[in-house]
1. What Kirkwood hydrodynamic radius, in Å, does the chain give when the mean of 1/r is taken over all pairs of distinct Cα atoms and then inverted?
2. Hey, in the GNM for the chain with a 10 angstrom Cα cutoff, which one of Met236, Met148, Met95 fluctuates hardest?
3. Using only the alpha-carbon atoms of the stretch 1-136, report the extent along each of the three principal axes, biggest first, to the nearest angstrom.
4. Please give the net charge around Arg273, taking every other residue with its beta carbon less than 12 angstrom from that of Arg273, where Lys and Arg add +1 and Asp and Glu add -1.
5. Between Ile133, Ile181, Ile239, which gets the highest mean-square fluctuation from a Gaussian network model of the chain, Cα cutoff 10 Å?
6. Pick from Phe261, Phe22, Phe104 the residue whose mean-square fluctuation is largest in a GNM of the chain, springs joining Cα atoms under 10 Å.
7. Which pairs, out of Lys199/Lys237; Lys31/Lys237; Lys160/Lys290; Lys221/Lys296; Lys16/Lys47; Lys62/Lys155, put more than 22 Å between their alpha-carbon atoms?
8. Give the cross-link partners of Lys189 among the aspartates and glutamates, using a straight C-alpha distance below 17 Å as the criterion and excluding same-chain residues fewer than 8 apart.
Amino acid sequence: MSDYKVLADKTGRLDKVVTNIFTDYTRSQLKKMIDDGNIKVNGDVKKANYKVNLGDEITFDKPEVKKLSLEPENIPLDIVYEDDDVIVVNKPQGMVVHPSPGHFEHTLVNALLYHSPLSTINGTYRPGIVHRIDKDTSGLLMVAKNDMAHQSLAKQLKDKTNTREYIALVHGNIKEDSGTIDAPLGRSKVDRKKQAVVKDGRNAVTHFEVLKRYGDYTLVKCVLETGRTHQIRVHMKYIGHPLVGDQLYGPRKTLGNSGQFLHAEKLGFIHPRTNEYLEFTAPLPENFKKLLVSIKFSSVGKNKRN
């Protein structure tokens, strides 16, 4: 039995069509899966240049993955809240959330496993992880300790009933005091390592509000309505204000050398067992606060709207 079955809603070469369906994989990975017979069309193995027709049934048998060794590690955690069902943790900048190729150890999951049992819904390498933030994004994450809690929290994400607010420092002086960016996101057609605003992408909505202007920079609050990969980073670049420190989406000349200045400041959700609404905040990390002090003094006289 295949892991996935999808009816093609676009035509074109098989290797190109599947990149827009199985977005968790790179084009080269998918090409290898086609060559190895893991991806079939109407039950038959096809070559990468096969022309897909509308309505073709594309099946995907996930190849066996080399098992990683997921070991609990005694890494200190900044736990904001914990009970029998949920952990809210303040992740530091630079920590990967869960193991993946290139990041087998020292992840948040390794640290959480040492601390507590976790839900099993997301499999061996992402236990307890309901949502993720990037390695170089700091701030709050909710983690499920059991499957009941995981299902409840995941449904809230899907139904958009939880609260996720971020603080970001961006390049440029945003003229508007607030706004909404409603632009679909998907894998970039130019650089497969990046996400981009694309016509056939998944719905993505970010609301922003200016908190303070610093001449050549603006501090904003971003509220997520959806939670796509790199959403805030791509959306702010899309409106001409990439995040400060962002080595992937930002300009070459930026501030800082440890990644984007993006912090998940506020997180709210309905508790899976008690149905009580819980809300938590985490202060900006020290490097973020120090940078704001630095640019405040350097922007004196530049900003007439502060």
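1. This gives a value of 21.2 Å.
2. Most flexible of the set in this elastic network: Met148.
3. 52, 28, 26
4. Details: positive: Lys145; negative: Asp83, Asp84, Asp85, Glu276.
Local net charge: -3.
5. Answer for the Gaussian network model of the chain: Ile239.
6. Highest fluctuation of the listed residues: Phe22.
7. Lys31/Lys237; Lys160/Lys290; Lys62/Lys155
8. Within the straight-line limit of under 17 Å, Lys189 reaches these aspartates and glutamates: Asp15, Asp24, Asp200.
The values are calculated or read from the model by the stated rules, or taken from the named source; none is laboratory data. Please read these numbers as outputs of a predicted model, since none were measured by experiment. Cβ coordinates were reconstructed from backbone atoms using ideal geometry, including for glycine residues, and neighbour counts include every protein chain displayed. Accessible surface is based on the protein model in full, side chains and every heavy atom, while ligands, DNA and RNA are left aside. Shrake-Rupley method; radii C 1.70, N 1.55, O 1.52, S 1.80 Å.
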